[in-house]
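Okay, so here's the structure we're looking at.
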Amino acid sequence: MVNESMLKLGTNRSCIRELFEYGLRQAAIVGKENVFDYSLGNPSIPAPPEVNETLVDIVRNTDSLAVHGYTPAPGLPAAREAIAAELSERYGVRIRGANIFLTCGAAPALIAVIRALNMGGSEIVAIAPFFPEYRPFAESNGAKLVVVPADVPSFQINWPELEARLNERTQAVIVNTPNNPSGVIYTRETLERLAALLEKKSAEVGHPIFLIADEPYRELAYDGAEVPFIPTVYPNTIVCYSYSKSLSLPGERIGYICVPDWVEDSATVFAAIAGAARASGHVCAPALQQRVVALCAHSRPNVRAYDENRALLYEQLSAFGYDCVKPNGAFYMFVKAPGGDSQAFSDRAKEKNLLIVPGGDFGVPEYFRICTCVSKDMILRSLPAFKALIEE
């Protein structure tokens, strides 16, 4: 009567969303101030002022039919050129507007790329910890997700395990840096070693193994940490980017795919991505937000509040005795669950209205994730619950 795999996806919901919605229900019972919700990575800093000002100016001073009408499927030329110019200037490379495909955020971008690369039963490799939605993105589009166990405790890359999983069926490896859920940034040394490995394996199997760079957190880095632009390290890299986190626009659904000219057979790859997007129902990214991006591609977030929260949580939880991975990017922290079972620990935390995400779906069941994009006041009010849990 219905597609069983789609039914399974619709009924076995994301543990992150389940926790978030549980928190909403619980807030109605005990009061919002008594629920300490670290579940959902929803930006807690406003969009940069120029973004809102630009949006208002566009609506007020641009022809309404143009603002709200269809755009070309790959996006408005002005938006594509602005993104290309920003990348070229920032990283000292030559990106053209024709290399950019505007999408409704990073998720549809990833789906289009995976779908375009899948040759029928192809394997897509994800390195734990990884964003749980990679699995349905791959499997619902005919590919197999192959998981590389985590490199604990550094959360860089487990090299023997990765190399063992690369074979003639491998079409791509997804890398997410800064990482959700660990907050770790892959170092340039890590990425250069990864590039060398993929170049060697590509030669062995007789076809390129692509890197899919999932980069919604590119602008969120701390302590002067470098976030390398991966196409400058490994040529066969396809970038999937979102403005959700960098410009605090998660609900506006705007992002892009970048296929640089130096990707092998780049025109064919770009055309296949466009076809995959079309087959997924893509018409065009939101036209109003494309116009905003065209004028605000150089805008950057003020990450001071995220940085302060990161430092506060790391210092306090470490003092309580938690084993924390110190994040240098994104707005998450990965913490080892006392007792080693993050699901059991998360369930205990719920009893204190403390909502933390167990790490099983991220591929690391002994750790849990907390989002640091919350109010400082909530952090301070939640600390007694964290302390009581580890003491128990």
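The values are calculated or read from the model by the stated rules, or taken from the named source; none is laboratory data. Note that this is a predicted model, so its numbers are computed, not measured. Here the Cβ positions follow ideal geometry from the backbone for every residue, glycine too, while neighbour counts run over all protein chains shown.
If you check residue 344 against the conditions, is it assigned by TED's automatic domain parsing to the domain that holds residue 127 and out of contact with any Lys or Arg (no Cβ under 8 Å at 6 or more places or on another chain)?
No; evaluated as a whole, the condition is false for this residue.
Considering only segment 16-35, I want to know if a residue exists there that is surrounded by 14 or more Cβ atoms within 10 Å (Cβ to Cβ), within 24 Å of the chain's Cα centre (by Cα) and modelled with pLDDT of 95 or more.
No, every residue in segment 16-35 fails to be surrounded by 14 or more Cβ atoms within 10 Å (Cβ to Cβ), within 24 Å of the chain's Cα centre (by Cα) and modelled with pLDDT of 95 or more.
I'm trying to understand the selection: among the residues of segment 135-152, which are assigned to a strand (DSSP E or B) and touching a helix residue (DSSP H, G or I) at 6+ places or on another chain (Cβ under 6 Å)?
145, 146, 148
Regarding segment 180-187, can at least one residue be identified that is surrounded by 21 or more Cβ atoms within 10 Å (Cβ to Cβ), under 30 Å from residue 312 (Cβ atoms), in contact with a Phe, Trp or Tyr (Cβ under 9 Å, 6 or more places away or on another chain) and of a type in the set (Gly, Ala, Ser)?
Yes.
When you look at residue 54, is it within 28 Å of residue 97 (Cα to Cα) and in a loop (DSSP other than H, G, I, E, B), yes or no?
no
Which one of these is over 19 Å from residue 363 (Cα atoms), free of Cβ contacts under 8 Å to residues at least 60 places away in the same chain and surrounded by 16 or more Cβ atoms within 10 Å (Cβ to Cβ): 236, 176, 167?
236
Examine segment 322-345 for a residue that is more than 30 Å from residue 158 (Cα to Cα) and crowded, with 22+ Cβ neighbours inside 10 Å, and state whether such a residue exists.
No, because not a single residue in segment 322-345 is more than 30 Å from residue 158 (Cα to Cα) and crowded, with 22+ Cβ neighbours inside 10 Å.
Is there a residue in segment 209-219 that is charged (D, E, K, R) and part of a helix (DSSP H, G or I)?
The answer is no, given that none of the residues of segment 209-219 is charged (D, E, K, R) and part of a helix (DSSP H, G or I).
Which of the residues that make up segment 64-102 are part of a loop (DSSP other than H, G, I, E, B) and either more than 22 Å from residue 231 (Cβ to Cβ) or modelled with pLDDT under 95 (or both)?
69, 70, 71, 72, 73, 76
Given the criteria within 21 Å of the chain's Cα centre (by Cα) and among the basic types (Lys, Arg), does residue 188 qualify?
When the stated conditions are applied, residue 188 passes them.
Can you tell me which residue among 107, 112 is in a helix (DSSP H, G or I), touching a residue at least 24 places away in the same chain (Cβ under 8 Å) and surrounded by fewer than 23 Cβ atoms within 10 Å (Cβ to Cβ)?
Going through 107, 112 in turn, the sole match is 107.
For residue 139, indicate whether it is of a type in the set (D, E, K, R) and closer than 28 Å to residue 233 by Cβ.
For residue 139, the condition - of a type in the set (D, E, K, R) and closer than 28 Å to residue 233 by Cβ - is not met.
May I ask you to say which residue of 306, 332, 322 is under 27 Å from residue 113 (Cβ atoms), touching a residue at least 24 places away in the same chain (Cβ under 8 Å) and among the aromatic types (Phe, Trp, Tyr)?
The match here is 332.
Examine segment 153-171 for a residue that is within 22 Å of residue 241 (Cα to Cα), assigned by TED's automatic domain parsing to the domain that holds residue 246 and either over 19 Å from the mean Cα position of the chain (by Cα) or in a strand (DSSP E or B) (or both), and state whether such a residue exists.
Yes, there is a match, as at least one residue in segment 153-171 is within 22 Å of residue 241 (Cα to Cα), assigned by TED's automatic domain parsing to the domain that holds residue 246 and either over 19 Å from the mean Cα position of the chain (by Cα) or in a strand (DSSP E or B) (or both).
Among the residues in segment 35-46, are any aliphatic (A, V, I, L, M) and not in a loop (DSSP other than H, G, I, E, B)?
no
Just to check your reading of the model, which residue among 293, 269 is closer than 24 Å to residue 41 by Cβ, surrounded by 14 or more Cβ atoms within 10 Å (Cβ to Cβ) and either within 22 Å of the chain's Cα centre (by Cα) or touching a residue at least 24 places away in the same chain (Cβ under 8 Å) (or both)?
293
Taking the condition crowded, with 20+ Cβ neighbours inside 10 Å, of a type in the set (D, E, K, R) and more than 15 Å from the chain's Cα centre (by Cα), does residue 215 pass?
Answer is no for this residue.
Test residue 196 against the stated conditions and say whether it is surrounded by fewer than 20 Cβ atoms within 10 Å (Cβ to Cβ), modelled with pLDDT of 95 or more, of a type in the set (A, V, I, L, M) and assigned by TED's automatic domain parsing to the domain that holds residue 142.
Answer is yes for this residue.
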